[in-house]
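The values are calculated or read from the model by the stated rules, or taken from the named source; none is laboratory data. Computed from a predicted model, the values in this text were never measured in an experiment. Positions of Cβ are generated from backbone atoms using ideal geometry, with glycine treated the same way; all protein chains shown enter the neighbour counts. The protein model used for the area step is the full one, side chains on, heavy atoms only, and it has no ligands, DNA or RNA in it. Shrake-Rupley method; radii C 1.70, N 1.55, O 1.52, S 1.80 Å.
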Amino acid sequence: MSALEIANSWPMWIACGAAVAVVVAQAVIFAISAWKAGPKVGLSKDQMKNAMKSSAITSIGPSVVILSGMLSLLITVGGPIAWMRLSMIGSVMFEAIAAGIGTNVVGVTLGTDVLTNEALGMALWTMVLCSIGWVVFATFSANRMDKIQNKLSGGDTKKLIAISTGAVIGVFGAMCGQHLSKVVNLENKALTLDKASLACLLGAVIMFVMIKVSEKFPAIKEWNLTISLLLTLVIVAFV
Amino acid sequence: MENKEFFDKEYMPKMHRIGKLTGALGVLIAFVPALVLAICYGILPAPAALVTAFVAGASSFAVLWFVEPISYFSVLGPVGTYMAFLSGNISNMRVPCASMAQVSAEVEPGSEKGSVIATLGMAVSIVINISVLTVGVILGSSILSMLPESITGALNYLLPALFGALMMQFSMKSKGHSAIILVFAILINVALKAGVFSWLPGANNYLGILTSVFLSIVVAIVTYNKAKDA
């Protein structure tokens, strides 16, 4: 049995399936509890349904990006591991790097050399060991961070809302900044607009137009984001 | 304040219990595939090699284990933190989905309603994410060849477009605040690229987001206090 045959064998499918099942189970249990709690905190069924629909529409694009990341990982470490690693803890960027670090130690370059049994083991163990830190810390500090944040807001709900809204702007600002900073070309001391920055700017501009338009036609509101993204991708493709 | 009573005394303690239990279970189950390799096929890496790889990996990622949950906490809330870090793909999927769910339900992040809605939104995104991956892994790499090159090429620009659009969505209500953060985020990323923070190991991976989020929280608190005093 070659290393890739082992990686794609049925015991591996079952083992990886169990891990994926835990992630799905957690999401479903949380969702059921949230759904039941909704009316008690003053949410209507419609609000909750709209939220879920909107999240579903938003999920499509990023899911396809993650899928293409999984397909490139699948070629190197087999289906089950790629499937599990991108369903659990990891991110597209992290997994390939971690797997590569693991195989490099035993002299196998991921993607170019033939995968040996030893390298397969190294890739999997390195990915798992290097990723559980996130879950361990997040899981066992969430309670504490919640208390710290409540102290910071002094039990003032409005202040907590202001803090969270600020954090949301901080996250998206940082992500935009990461792309837009590429416009500044330090070597030539010039400004150059690459396609990623263009997509970021176009996404923002078209979204602005969509928000204004949907104020007049509320029916299209939940499609604002999808329409903005599609238009942006079409324009960027033709530039 | 019956709602608050229920939320704080009943709902949140229950969610914390579920989160800790499923998180711990997730950590244990993550090792099962590696154990199957060892038990069924006798593949167990040499401890020395594994330590070398772990140290190399940890030196690039260990800071992120702590910095990311802290950076994203105010956005995700406690329940969102449990979910996002077990399922991964946080900035590119969980946060955008939770935020759009809140926009659609017209609730504010950080409120009780916002927390419930974010949980629902994130759960939906996890189920869709895993469904797409499951279909993808069954069909295999053949589906990649089914997609025309123009589409796979365009996918590279989906995330920057998504972040631009979401930034606009949240900037509409606080334009000045958003402008400050955006300018700061661009500057810090340029500084990172110029190597200003090269003395800080792995800074490229986390410094931009950590500083932007905390600056934004400080700006939010200052603005809030000012408005309250006025």
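Summary table below
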item	result
Test result for residue B:7, in a helix (DSSP H, G or I), open to solvent by 60 Å² or more (accessible area, probe 1.4 Å) and either modelled with pLDDT under 95 or more than 7 Å from chain A (Cβ to nearest Cβ) (or both)	no
Helices (runs of 4 or more DSSP H) completely within the stretch B:94-181 that count 3 or more residues being under 18 Å from residue B:212 (Cα atoms), in contact with a helix residue (DSSP H, G or I) (Cβ under 8 Å, 6 or more places away or on another chain) and open to solvent by 10 Å² or more (accessible area, probe 1.4 Å)	B:158-171
Matching entry among B:124, B:137, B:213 (being in the same structural domain as residue B:71 (by TED's automatic domain parsing) and within 30 Å of residue A:48 (Cβ to Cβ))	B:124
Single residue of the stretch B:57-71 satisfying the filter (open to solvent by 10 Å² or more (accessible area, probe 1.4 Å) and of a type in the set (Phe, Trp, Tyr)) that is nearest to the other protein chains (Cβ to nearest Cβ)	B:65
Qualifying positions in the stretch B:10-20 - of a type outside the set (Phe, Trp, Tyr) and open to solvent by less than 70 Å² (accessible area, probe 1.4 Å)	B:12, B:13, B:15, B:16, B:18, B:19, B:20
Subset of the stretch A:183-225 [open to solvent by less than 40 Å² (accessible area, probe 1.4 Å), closer than 15 Å to residue B:104 by Cα and of a type in the set (Val, Ile, Thr)]	A:211
Tally, over the stretch A:226-239, of residues that are open to solvent by 30 Å² or more (accessible area, probe 1.4 Å) and small (Gly, Ala, Ser)	1
Subset of the stretch B:188-197 [at the interface with chain A (Cβ under 8 Å from one of its Cβ atoms) and either open to solvent by 50 Å² or more (accessible area, probe 1.4 Å) or of a type in the set (Gly, Ala, Ser) (or both)]	B:193, B:194
Check on residue B:200, of a type in the set (A, V, I, L, M, F, W, C) and surrounded by fewer than 16 Cβ atoms within 10 Å (Cβ to Cβ)	yes
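Here's the yes/no breakdown for (1) part of a helix (DSSP H, G or I); (2) open to solvent by 30 Å² or more (accessible area, probe 1.4 Å); (3) acidic (Asp, Glu); (4) not assigned by TED's automatic domain parsing to the domain that holds residue A:232:
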site	(1), (2), (3), (4)
A:17	yes, no, no, yes
A:28	yes, yes, no, yes
A:39	yes, yes, no, yes
A:90	no, no, no, yes
A:93	yes, yes, no, yes
A:107	no, yes, no, yes
A:110	no, yes, no, yes
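Per-residue answers, yes or no, for (1) more than 7 Å from chain A (Cβ to nearest Cβ); (2) in contact (Cβ under 8 Å) with a residue 24 or more places away in the chain:
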{"position": "B:110", "(1), (2)": "no, yes"}
{"position": "B:121", "(1), (2)": "no, yes"}
{"position": "B:148", "(1), (2)": "yes, no"}
{"position": "B:167", "(1), (2)": "no, no"}
{"position": "B:172", "(1), (2)": "no, no"}
